[in-house]
Amino acid sequence: GLDGHPDFMRKEMAEQPEAVRRALRGRLDTRFATAHLGGLDLDPVALRSVRRVKFLGCGSAYYAGQIGAGLVESLARIPADAEPASEFRYRNPVVDPDTLYVAVSQSGETLDTLAAVQELRRKGGRVIGAVNVVGSAIARECGSGVFLHAGPEISVASTKAVTTMGVSFAMLALLLGRVRDLSAAAGARVVAGLQALPERIEAALALDDEIAGIASRYASARHMFFLGRVSGWPVAREGAQKLKEVSYVHAEAYQAAELKHGPIALIDKDMPSVVIVPDDDIVVKNVSTMEQIRARGGPVIAVTTVDLPAGVADEVVRVPRGEAVLDPLVLGIPLQLLAYHTAAALGRDIDKPRNLAKSVTVE
Ligand code: BG6
């Protein structure tokens, strides 16, 4: 049931701290500053032989995979990327024996993702699942992997499953890093960061009233940009996806650095931009993006874990700082709330957005 919540999206957003605790339970190793993911079925020799990681998923699972790729590159220094599972089988993919493929799916039933797994297996690729539903088709076809432990997700717009995907990928990246050159001290910081994640998410959820206010001020916008750089970019993509899904406001995610190469032509007072500013080395670049937008009359909503210079944005949503590499997992929360409150302000049917299904098991 809804346990007193008005809809499942709201209930599932609120469940995220607990979902993250479940996803972490028994998997963090403080002694060796690493993670244990028993379902992977990969010993240290096999983990060392991985030379590339590719995440495959659809919709939010694809964007979560892009967050995962960033985590693997930062922590393990292995080249990694994400690709929409929906196209994979149609481009006669080059399947590389040294690549670890990760099939990402909440339901475990998405036909496009299942077909990508079958294509990989047919060609002898090494594929593991990152799946929420135990016993689902993708989980069975992969045979090994990591379960998300998000608990049942009913709302079409995925929230807690996406967050636990990020948590699972952080643990995978930590594990891949610790069999390579990630130091014990650096590993310990990630372990501590993961342990602190539920409280950071709690704090982000507590911004609810503030974000409801922002949503009501911008709900009349017909279009919105979501901008981010490096680890902020997949967060922006998922934020735009969520807004489109539940509010039907047109949202377009762009790499912030690409803005000046075209889309900046669209900036005016009716085109708000949500700018994601993680705690990284390029905060100053994101600040200058915000200045460029404001100089052209565009409203700016900053979503950040750092202290920004005063007056750089019209609205600043400030999420508590923590282990910076995990910022993409925390910065997604205010964007869920923004989508939710925009949809509520516009009177949308939040759990049953038009034209969408929870899992798409047909072509
Ligand atoms: C889409 C849903 O069709 O499938 C999205 O509308 C979801 O919300 C996507 O992210 C992938 O689903 P799953 O179950 O494979 O994670």
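Looking at 322, 347, 297, 332 in this structure, which one is at pLDDT 95 or above, under 22 Å from residue 12 (Cβ atoms) and part of a loop (DSSP other than H, G, I, E, B)? Lay out the reasoning, then the answer.
On the way: 322 fails: under 22 Å from residue 12 (Cβ atoms); 297 fails: under 22 Å from residue 12 (Cβ atoms); 332 fails: part of a loop (DSSP other than H, G, I, E, B).
Being at pLDDT 95 or above, under 22 Å from residue 12 (Cβ atoms) and part of a loop (DSSP other than H, G, I, E, B) holds for just one of 322, 347, 297, 332, which is 347.
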Checklist outcome for this item: residue 92 vs (1) buried (at least 17 other Cβ atoms within 10 Å of the Cβ); (2) farther than 16 Å from residue 144 by Cα: all pass except (1)
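Return yes or no: is residue 151 on the phi > 0 side of the Ramachandran plot, of a type outside the set (A, V, I, L, M, F, W, C) and outside any helix (DSSP H, G or I)?
yes
Taking the condition modelled with pLDDT under 95, under 23 Å from residue 215 (Cα atoms) and not in a helix (DSSP H, G or I), does residue 302 pass? First the steps, then the outcome.
Numbers: modelled with pLDDT under 95: no; under 23 Å from residue 215 (Cα atoms): yes; not in a helix (DSSP H, G or I): yes.
Criteria not met by residue 302.
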Checklist entry - Hey, among 146, 134, which residue is touching a strand residue (DSSP E or B) at 6+ places or on another chain (Cβ under 8 Å), in a strand (DSSP E or B) and in contact (Cβ under 8 Å) with a residue 12 or more places away in the chain? => result 146
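Return a yes/no flag: does segment 22-34 have any residue that is within 16 Å of the ligand (Cβ to nearest atom), touching a helix residue (DSSP H, G or I) at 6+ places or on another chain (Cβ under 7 Å) and not in a loop (DSSP other than H, G, I, E, B).
Of all residues in segment 22-34, those within 16 Å of the ligand (Cβ to nearest atom) come to 23.
So of that shortlist, the ones also touching a helix residue (DSSP H, G or I) at 6+ places or on another chain (Cβ under 7 Å) come out as 23.
Now restrict to residues that are not in a loop (DSSP other than H, G, I, E, B): 23.
Yes, the conditions are met somewhere in segment 22-34.
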Next on the checklist: Quick check on my filter: what residues within segment 247-288 are touching a Ser or Thr at 6+ places or on another chain (Cβ under 7 Å) and over 20 Å from residue 316 (Cβ atoms)?
Outcome noted: 247, 249
Checklist outcome for this item: Here the residues within segment 97-127 that are more than 18 Å from the chain's Cα centre (by Cα), within 15 Å of the ligand (Cβ to nearest atom) and outside any loop (DSSP other than H, G, I, E, B) are 111, 112, 114, 115, 116, 117, 118, 127
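Residue-wise test of (1) in contact (Cβ under 8 Å) with a residue 60 or more places away in the chain; (2) hydrophobic (A, V, I, L, M, F, W, C); (3) surrounded by fewer than 17 Cβ atoms within 10 Å (Cβ to Cβ); (4) farther than 24 Å from residue 189 by Cβ.
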| position | (1), (2), (3), (4) |
| --- | --- |
| 283 | no, yes, no, no |
| 286 | no, no, no, no |
| 291 | no, no, yes, yes |
| 294 | no, no, no, yes |
| 301 | yes, yes, no, yes |
| 304 | no, no, no, no |
| 307 | no, no, yes, no |
| 315 | yes, no, no, yes |
| 321 | no, no, yes, no |
Checklist entry - What are the residues in segment 250-271 that are surrounded by fewer than 23 Cβ atoms within 10 Å (Cβ to Cβ) and outside any helix (DSSP H, G or I), if any? => result 250, 252, 254, 255, 262, 267, 268, 269, 270, 271
Next on the checklist: Which of the numbered conditions does residue 39 fail, given that it passes all the others? Conditions: (1) touching a His at 6+ places or on another chain (Cβ under 8 Å); (2) in a helix (DSSP H, G or I); (3) surrounded by fewer than 20 Cβ atoms within 10 Å (Cβ to Cβ); (4) of a type in the set (Gly, Ala, Ser).
Outcome noted: (1)
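Restricting to segment 56-96, name every residue that is among the polar types (S, T, N, Q), more than 10 Å from the ligand (Cβ to nearest atom) and in contact with a helix residue (DSSP H, G or I) (Cβ under 8 Å, 6 or more places away or on another chain).
The answer is 66, 74.
The values are calculated or read from the model by the stated rules, or taken from the named source; none is laboratory data. Not measured: the values here are computed from a predicted model. Cβ coordinates were reconstructed from backbone atoms using ideal geometry, including for glycine residues, and neighbour counts include every protein chain displayed.
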